[in-house]
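Trainee: Take a look at this one; I'll ask things after.
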Amino acid sequence: MGDLKLAWRNIWRHTRRSILTMMAIGFASLLLVFMLSFQFGSYEGMIDASVRLSTGHLQVQAQGYHDKPEMRKVVKNPRKVMDALSRTPGVEACTARCQTFVLASSEDRTRGVMIMGVDPETESRVLKTSSLIRQGEYLSSDDPNTVIIGALLAERLKIGLGEELTILGQARDGSIAATVMTVRGIFKSGIDEVDRSTVQMLLTDFDQLFGMDGAVHAVVAVVHKLTEVGEIKNTVMQDDALKGLAVLDWMELSPGLKQSIQMDLVSGIIMYVILIIVVAFSIMNTFLMAVFERTREFGVMMAIGVKPLRLVKIILMESMFMTGLGLLFGMILGALLTQYFAGAGISMGGAADLMAQYGISGRMYPRLSLITLFSGPILIGVVTFFTALLPALRIPRLKPANAMKAV
Amino acid sequence: MNAVSASNVSKIYMQGDVKVTALNKVSLEVAPGEFVALAGPSGSGKTTLLNLIGGLDEPDGGKISVNGKDFANMSSGDLAELRLSQIGFVFQSYNLIPVFTAEENVEYILQLQGEGKAERKKKARAMLDDVGLEGKYDRKPAQLSGGQQQRVAVARALVSNPTLILADEPTANLDSVTGESLLRTMREMNQKHGVTFIFSTHDSMVMNAAKRLVSMKDGAIVDDKVK
Ligand SMILES: Nc1ncnc2c1ncn2[C@@H]1O[C@H](COP(=O)(O)OP(=O)(O)OP(=O)(O)O)[C@@H](O)[C@H]1O
Ligand SMILES: [Mg+2]
């Protein structure tokens with residue numbers, strides 16, 4: 001108790017210095033809380049955008065289809081799989097898809113393209129392709145034998161709305177599949193790869209053309225909460241309806257996305273570590289001063305019978321008080337700031353308009369979680385503890401007689 | 001058993017490349033209850049000797065024991081413990097913990113000794129009263145005069161019921177009236193509690209008040225008179 005009182009009062013001997021130190025600690029932890037929350041929030045935004053433009057959060061496919069897509073590797077009874085997914089808690093929506101590579105020709109050009117068969121009703125609940133239409137309209141089940149095509153592909157094929165696209169491919173049974181479709185819409189996702197090589201048609205048309213016999217290549221699902229993907233995946237895999245099928249999550253479906261997030265996270269962490277080191281050095285000075293300038297006092301205290309280790313403890317209590325207060329303020333302010341922007345969002349400036357065109361929200365929403373709230377401050381706490389320990393450990397090496405000669 | 005026993009104690013300091021013999025085989029025996037002054041010119045080794053007797057520094061030769069306890073092989077922690085229970089210190093100045101009040105400074109020692117709160121408060125106040133500081137309990141050192149600060153230091157040194165108090169020029173920063181009154185207080189405590197006092201001084205008034213005068217020069221005891 002006396003030691004606590006002593007440590008507490010010692011902090012306020014140099015009010016300004018102590019407050020500056022606490023502010024440095026507080027500001028660093030505020031920054032970490034906010035930046036980590038922002039980073040995690042932006043990942044969620046990225047994942048969400050990417051997932052809703054292409055892969056979905058989860059896909060059910062035939063075993064081996066993902067590694068080596070082949071026409072004959074199919075989900076035979078998509079209805080059953082979709083029912084199973086729909087009754088799984090946390091799943092927002094699902095849709096069935098077919099896809100294969102074909103040759104697509106306009107009047108005077110030919111290209112290899114990926115053609116997808118989608119069900120406009122369910123598809124639009126899962127993915128945002130319908131919002132990407134730049135010319136014409138999205139697919140409609142009332143208007144069979146039409147396609148929508150990527151904008152870059154349309155340019156290359158020199159084809160426009162209402163014009164005819166000839167498709168030549170191989171059906172599920174290996175026979176030749178060929179037909180002529182009318183261009184109903186042109187879409188632009190902003191992902192060149194997609195815009196250059198994708199054509200979408202009605203699932204029913206695809207079924208007929210390629211003799212799918214009701215089978216599909218993937219059932220695509222989106223979930224309400226990104227964090228629940230793993231759990232939902234496990235639940236779904238237990239379902240009898242999915243026996244013998246593979247369930248893939250977004251990380252498996254787009255490993256590149258996961259990688260770029262990991263890389264971004266690593267570079268973020270490096271930055272945070274640098275920030276923490278800078279803060280540690282700046283407060284090291286305070287802690288060093290607090291020990292050096294009181295050498296004489298420590299000598300007196302040892303002379304009256306305070307054991308060296310007890311002095312170390314008192315010094316550590318002082319620095320932990322300061323760190324604790326700083327962290328507390330930083331976390332409270334950081335949490336408030338984060339929560340504010342979590343509601344209001346942060347506009348991404350010029351990039352926002354661009355992103356909005358492609359159906360991605362132009363605002364970033366930081367997300368406060370236990371991880372983003374505590375990991376930075378805990379790290380700072382640990383680092384400052386050792387920063388304070390270093391000068392404090394000089395005390396036991398002091399001889400009281402020498403300490404008292406110090407001014 | 002002697003309160004203090006020093007035999008053939010030497011202390012050598014290095015000042016750059018030069019060896020300074022601060023104490024040269026000094027021997028001193030002090031019986032319980034004595035009131036001893038250490039006199040001698042500046043640099044004669046008074047502070048060094050007091051520090052060694054209090055275990056604040058290690059001798060380079062010789063043996064020291066307090067109340068029969070030999071300092072050899074005692075760790076710095078053990079020595080702190082010994083000081084806490086048996087030795088009180090008063091220095092020339094800046095003796096007190098600046099963030100504590102007079103009462104807290106005295107009380108802290110009792111707390112280190114593990115005494116209960118109510119008891120601590122009672123003893124600390126009684127001791128401050130004893131050294132003439134009634135009503136000044138809540139003053140921080142900065143709000144006390146030099147003489148009052150030294151009294152707090154004496155009260156703090158006495159409160160733990162030590163058998164020995166070491167004081168290094170306790171009156172050096174005080175005017176003669178204040179110094180005399182502090183000395184009187186020390187003498188009273190010496191008589192009342194039977195505590196052994198060893199103090200160093202340059203002041204002839206203080207030397208006269210001592211019951212035994214040990215004179216030092218160049219790191220050696222040159223005279224030792226009991227009055
Ligand atoms: N830490 C030290 N390093 C080097 N030399 C020292 C140290 N402490 C004391 N000395 C030397 O040891 C000798 C004795 O010093 P000491 O302080 O014991 O003298 P003193 O009798 O207390 O003097 P004063 O009356 O001035 O206080 C002096 O020559 C001093 O210079
Ligand atoms: Mg001296």
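Trainee: Only residues in the range A:294-320 that are at the interface with chain B (Cβ under 7 Å from one of its Cβ atoms) and farther than 19 Å from B:V154 by Cα count as the first member; pair them with residues that are assigned to a helix (DSSP H, G or I) and among the β-branched types (V, I, T), Cβ under 7 angstrom, at least 6 apart or cross-chain, and list the lot.
Mentor: Qualifying pairs under 7 Å: A:P308/A:I395.
Trainee: Against the condition among the polar types (S, T, N, Q) and surrounded by fewer than 18 Cβ atoms within 10 Å (Cβ to Cβ), how does A:S54 come out, does it pass? Talk me through it step by step, then tell me what you get.
Mentor: Values: among the polar types (S, T, N, Q): yes; surrounded by fewer than 18 Cβ atoms within 10 Å (Cβ to Cβ): no.
Considered against the rule, which asks whether it is among the polar types (S, T, N, Q) and surrounded by fewer than 18 Cβ atoms within 10 Å (Cβ to Cβ), A:S54 comes out as no.
The rows are residues; the columns are (1) in contact (Cβ under 8 Å) with a residue 12 or more places away in the chain; (2) surrounded by fewer than 18 Cβ atoms within 10 Å (Cβ to Cβ).
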| position | (1), (2) |
| --- | --- |
| B:S93 | yes, yes |
| B:L110 | yes, no |
| B:M127 | yes, no |
| B:D130 | yes, no |
| B:T163 | yes, no |
| B:T171 | yes, no |
| B:V177 | no, yes |
| B:M189 | yes, no |
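Trainee: Another question, then. Kindly state which strands (runs of 3 or more DSSP E) lie completely within the range B:34-120 and contain at least 3 residues that are in contact with a strand residue (DSSP E or B) (Cβ under 8 Å, 6 or more places away or on another chain) and within 14 Å of chain A (Cβ to nearest Cβ). Reasoning before the result, please.
Mentor: Values: elements: B:35-39, B:61-66, B:87-90.
The qualifying strands (runs of 3 or more DSSP E) are B:87-90.
Trainee: Say whether the condition of being touching a residue at least 40 places away in the same chain (Cβ under 8 Å), more than 16 Å from ligand 2 (Cβ to nearest atom) and more than 30 Å from A:W8 (Cα to Cα) is met by at least one residue in the range B:34-50.
Mentor: Yes, some residue in the range B:34-50 is touching a residue at least 40 places away in the same chain (Cβ under 8 Å), more than 16 Å from ligand 2 (Cβ to nearest atom) and more than 30 Å from A:W8 (Cα to Cα).
Trainee: Before we move on, is B:G132 within 19 Å of A:A303 (Cα to Cα) and either touching a Ser or Thr at 6+ places or on another chain (Cβ under 7 Å) or not in a loop (DSSP other than H, G, I, E, B) (or both)?
Mentor: No: the conditions fail for B:G132.
Trainee: Now for a separate question. Among the aliphatic types (A, V, I, L, M), outside any helix (DSSP H, G or I) and within 16 Å of A:A84 (Cα to Cα) - does that describe any residue in the range A:224-239?
Mentor: Initial filter on the range A:224-239 (among the aliphatic types (A, V, I, L, M)): A:226, A:229, A:232, A:236-237.
Remaining after also requiring outside any helix (DSSP H, G or I): none.
Checked against the condition, which is being among the aliphatic types (A, V, I, L, M), outside any helix (DSSP H, G or I) and within 16 Å of A:A84 (Cα to Cα), the range A:224-239 yields no hits at all.
Trainee: Which ones in the range A:165-176 are in contact (Cβ under 8 Å) with a residue 40 or more places away in the chain and either part of a strand (DSSP E or B) or among the charged types (D, E, K, R) (or both)?
Mentor: Of the range A:165-176, the ones in contact (Cβ under 8 Å) with a residue 40 or more places away in the chain are A:165-172.
Across the range A:165-176, the qualifying residues are A:L165, A:T166, A:I167, A:L168, A:G169, A:Q170, A:R172.
Trainee: Let me ask something else. Determine, yes or no, whether B:S27 is under 17 Å from the mean Cα position of the chain (by Cα), away from ligand 1 (no atom under 12 Å from the Cβ) and either modelled with pLDDT under 95 or not aromatic (F, W, Y) (or both). Full working, then the answer.
Mentor: Numbers: under 17 Å from the mean Cα position of the chain (by Cα): no; away from ligand 1 (no atom under 12 Å from the Cβ): yes; either modelled with pLDDT under 95 or not aromatic (F, W, Y) (or both): yes.
No: the conditions fail for B:S27.
Trainee: Would you pick out the residues in the range A:150-164 that are crowded, with 17+ Cβ neighbours inside 10 Å, in contact with a Ser or Thr (Cβ under 7 Å, 6 or more places away or on another chain) and outside any loop (DSSP other than H, G, I, E, B)?
Mentor: Those that are crowded, with 17+ Cβ neighbours inside 10 Å, in contact with a Ser or Thr (Cβ under 7 Å, 6 or more places away or on another chain) and outside any loop (DSSP other than H, G, I, E, B): A:G150, A:L153, A:L157.
The values are calculated or read from the model by the stated rules, or taken from the named source; none is laboratory data. Source: prediction; values computed, not measured. Because the Cβ atoms are built from the backbone with ideal geometry, glycine has one as well, and the counts that use them run over all protein chains shown.
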